[in-house]
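Here is the structure we will look at, set down as structure tokens.
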Amino acid sequence: MGENKDTAFLNRYFQEYKLRDRIRLSLILSMIFYPSFLILDAIVTPDRFRAFLIIRLIVVFINAVQLFSLRFIKSQRSVLHLGMSLLWIDACGISLMVFLMGGFASFYYQGLTLVIMVMVVILPFSFREAAITMSLAWASYFIPSLFIMSGQTAALRKVADFFNLTLEIPGWRIAVNNLFFLTSIIIIAIVSSSVMDNVRRRELRSRMQLEETTSQLKESNIKLKSLDELKTQFFANVNHELRTPLTLMLAPLKTVLEGRMGPLSPALKDTLETMQRNGFKLLKLINNLLDLSKLEEGKMRLKLRTVNLVEYIPPLLSSVKPMADQKQLRLYYQHPPHAVDVTLDPDQFEKVVLNLLSNALKFTHKGGKITIYVEDKDHTVTLTVEDTGIGIPSNMLETIFDRFSQVDGSKSRAQEGTGIGLALAREIVQVHKGAIRAESELGRGSRFIVEIQKGEDHFDEDVLERRSEDMPIALKRRSSDQDEPHARDIVADFRRLQLVDLEKVDLESTHVDTAKVHDALVLCIDDNPEVLKLMKMLLADEYDLELTTSAEKGLVLLRQKNPDLVLCDVMMPGMDGHAFCRTVKNDEAVKHIPIILVTARSGVEMLAEGIQAGADDYISKPFDSTELKARIRALLRIRQVESELALVNRNLKMRTSDLVDQQRSLFLSTVKSLVTAIDAKDEYTRHHSTRVTEFTLKIAAKMGFSEKELGDLELASLLHDVGKIAVPESILNKPGKLTDAEFTLIKEHPARGEAILRPVVELKEMARVVRAHHERYDGSGYPDRLKGREIPLGARIMAIADTYDSITSERPYRKAASHRYAVKEIIGCSGTQFDPEVVEHFLEIASTLAPDQGQDTASKNA
Ligand code: ADP
């Protein structure tokens, strides 16, 4: 591929620089100059004339052969090689003559300079080709001369003798001089050849690129043109197809509205008017698009009339007056005192003026001013529509005349519109050979200036509607005009059609039975009052409704009225539906209210954005009333089921916690009877568990246990000796020393206690404490030889309380000891039997155990 490209480039290169012609020229030059230098020979070296004549003739002969063979050589490369050989042969001829004149001593080497000059100027050699040819030429000069210099002249002398010549041996200074010059010239020649070659190649490359780009551009231009034609054609077709059914809907509607099919109830009339208004909007849009495509295709024809512009404007102004009054805008008109005649198509031009006026009305705030100026100039007339509205940014002043261009093209813009009006206005003005431009100051207002020429000579012949009388009947109606009369028929006031966008909708006029109070309240939010009206019509008989035209107002209503469901439009000026949804779903107080988003744009992305924003459902315009109602019902039902479930859940939770409390107190009383039973078994330790519990809780409270922890610990310490149930009373009450077997049996009671408690899930943790209450801090306790913090904290506390109580109470095998003695004992065992930290807390509360305990033990001791 790359190689092919290279060969193609080289061929093109040689062709571009006419390699063949240049070589032919060099050959001819050589054949002329070579013999002509015989004159020089005759003058400079007459004795060598004969020898040089032969040499020159031989060279010319070879040149002639080369010239002849050039015709037969096909490939450019061979032509190039021929050029190189031509140069070399010429050089050899000169070198031979130089040699015969004594090699380095001769000035004939300048002949080589000549040949080299011709090469650089005429032949397009690259560095490589120049280097090869030059080196060969240089060698042909240098080698024989070197022979002469080095004195090896025996063989050469014979040649000289043959021609009767004297052989001159040069001095080395001359040799160096000549050689130096020739070599330098050759180097310069190679370098310049290569530089020029590079320049030529680069130039050719960019030329070729340019050619390629140009041809690509041409191609895409052709494609674009045909696409554009297709598009315009398609546009026109589609619009026709749309307009026919639309007019067929609007025409009967008009008949019905005029009451020609019987009287209408106010509600029906209202509904039909909404249908008509929206039909008009669609018709206007289609008309504009159709006009625009006709204009772009050059199919628009003008029905010219000469009108007095001063009188032409007022009817148009009065048609927008009601809307201006509604918006409290002042309308002014300034014109010259005399008639200003212009030739134009009044119907088409009306579209221009009405469009400018309706834009001015749309984009000017309440209380603003709109002025129309008509000015009569020498050859032109200008019509200016000026407003004090929001203005247009300076970078948009040109582009607003493009199709579909809008300053605020966002989905949340405040004004309806399609961005076609000005494009159409410009096209119409342009077929009138006029000009339209906008001037504006952002925030201060805009001015649209239309300038048209006086007279009618400037109109193109082919845009004029020829008089129908001049035409054969068949041509009277162009196919594209077929629908025009229909549109005219159904819209009695054609101007109303142009201004239909500006009509305000009275929300209150919708007739529905609002007296009834329903089960659910639905909040509807949509910036288009017409859509709200539709919702009201569809839903009012089933739901109470709140209607509002912005999401901001919707939020306020939502918090005030706490509706059961919200229907919200997505594309609205200011806060849009998605933002509304996010705000609601992030507010704990109202997030439960279901939201259905309503949108005119469908598509997965839109859906995903809505769902991300937290919408509960999505419905796209145009919605079907049955579907809308079904979705509302479904969501409301889900809401209801949800809130019922929440209620049931709450009740269940309350009941469960009641049950748990009951169970706990039942359990506690059982435990207490159990403890009483154990205490009764062992007469000496009577009330032991109760006392241990009391002490344990005192220490634990000091250590900062929570209510719940204290409750659990209370149970555990009450039950700590429950395992003793399994120990016979005889052993428990034995006054003397226990046998090993008896002691082993007693030592089993913590484990048995755990076994009794473990099955009760609630008591798992307490069971662990009970099992560990005979463990010792140093790891020498039983049953598991737990050490330090391995022993549950409750058990570590209980161990101290248990010991304190057993020391201070009487046992079968010993008397009770005093409080002080018990405290001393416990301090003594801190770190071995008891956790030193718990001992510290015990000491803090020990005094509270002392008084009566002290007395008690004192009396016991006594
Ligand atoms: P549209 O149907 O959107 O009004 P137009 O072609 O009539 O389409 O206007 C194109 C845009 O030019 C408008 O959307 C608006 O942004 C801007 N524009 C036109 N007239 C005015 C005006 N009098 N004041 C401010 N902006 C204007």
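Quick notes on this one:
- Restricting THR343, THR418, THR364 to residues that are in contact (Cβ under 8 Å) with a residue 24 or more places away in the chain and more than 9 Å from the ligand (Cβ to nearest atom) narrows the list to THR343.
- Residues that are acidic (Asp, Glu) and more than 12 Å from the ligand (Cβ to nearest atom) were ranked within region 432-456; the one that is modelled with the lowest pLDDT is GLU456.
- Meets criteria (in contact with a helix residue (DSSP H, G or I) (Cβ under 8 Å, 6 or more places away or on another chain), among the β-branched types (Val, Ile, Thr), more than 19 Å from ASP291 (Cβ to Cβ) and part of a strand (DSSP E or B)) for VAL407: no
- In summary, helices (runs of 4 or more DSSP H) completely within region 69-175 and bearing 2 or more residues that are open to solvent by 50 Å² or more (accessible area, probe 1.4 Å) and at pLDDT 85 or above occur at 76-100, 110-122, 127-149.
- Total residues in region 22-76 satisfying the condition of being closer than 30 Å to PHE9 by Cα, hydroxyl-bearing (Ser, Thr, Tyr) and touching a helix residue (DSSP H, G or I) at 6+ places or on another chain (Cβ under 6 Å): the figure is 2.
- Residues of region 389-404 that turn out to be more than 8 Å from the ligand (Cβ to nearest atom), part of a loop (DSSP other than H, G, I, E, B) and under 15 Å from ARG444 (Cβ atoms), as a count: 2
- Residue in region 559-568 that is in a loop (DSSP other than H, G, I, E, B) and in contact with a Leu (Cβ under 7 Å, 6 or more places away or on another chain) present: yes
- Test result for GLY753, small (Gly, Ala, Ser), under 18 Å from ALA716 (Cβ atoms) and in contact with a helix residue (DSSP H, G or I) (Cβ under 6 Å, 6 or more places away or on another chain): yes
- Checked across region 524-540, the condition of being of a type outside the set (Lys, Arg), modelled with pLDDT of 85 or more and within 22 Å of SER643 (Cα to Cα) holds for no residue.
- Filter pass, LEU647 being over 23 Å from ALA540 (Cβ atoms), surrounded by 15 or more Cβ atoms within 10 Å (Cβ to Cβ) and free of Cβ contacts under 8 Å to residues at least 12 places away in the same chain: no
Let's see how each residue does on (1) at pLDDT below 90; (2) touching a helix residue (DSSP H, G or I) at 6+ places or on another chain (Cβ under 8 Å):
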{"site": "GLY779", "(1), (2)": "no, yes"}
{"site": "ILE800", "(1), (2)": "no, yes"}
{"site": "TYR804", "(1), (2)": "no, yes"}
{"site": "LYS815", "(1), (2)": "yes, yes"}
{"site": "SER818", "(1), (2)": "yes, yes"}
{"site": "GLU825", "(1), (2)": "no, yes"}
{"site": "SER847", "(1), (2)": "yes, no"}
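- Looking only at region 176-220, and only at residues there that are under 23 Å from VAL115 (Cα atoms) and among the small types (Gly, Ala, Ser), the one that is surrounded by the fewest Cβ atoms within 10 Å (Cβ to Cβ): SER184
- GLU386 vs. criteria within 11 Å of the ligand (Cβ to nearest atom) and assigned to a strand (DSSP E or B): yes
- Filter pass, LEU357 being in a helix (DSSP H, G or I), closer than 22 Å to GLN453 by Cα, of a type in the set (A, V, I, L, M, F, W, C) and within 16 Å of the ligand (Cβ to nearest atom): yes
- Region 334-380, subset in contact with a Pro (Cβ under 8 Å, 6 or more places away or on another chain) and open to solvent by 30 Å² or more (accessible area, probe 1.4 Å), residue nearest to LEU442 (Cα to Cα): GLU375
- Residue check, LEU57 among the hydrophobic types (A, V, I, L, M, F, W, C) and touching a residue at least 40 places away in the same chain (Cβ under 8 Å): no
- Across region 753-795, the number of residues qualifying as part of a loop (DSSP other than H, G, I, E, B) and surrounded by 18 or more Cβ atoms within 10 Å (Cβ to Cβ) comes to 10.
- Only residues that are open to solvent by 30 Å² or more (accessible area, probe 1.4 Å) and of a type in the set (D, E, K, R) were counted across region 265-319, and they come to 10.
The values are calculated or read from the model by the stated rules, or taken from the named source; none is laboratory data. Note that this is a predicted model, so its numbers are computed, not measured. For neighbour counting, all protein chains shown are included, and Cβ atoms are generated from backbone atoms with ideal geometry for every residue, glycine included. In case anyone asks, the SASA skips ligands and DNA or RNA and just uses the protein heavy atoms, side chains included. Shrake-Rupley method; radii C 1.70, N 1.55, O 1.52, S 1.80 Å.
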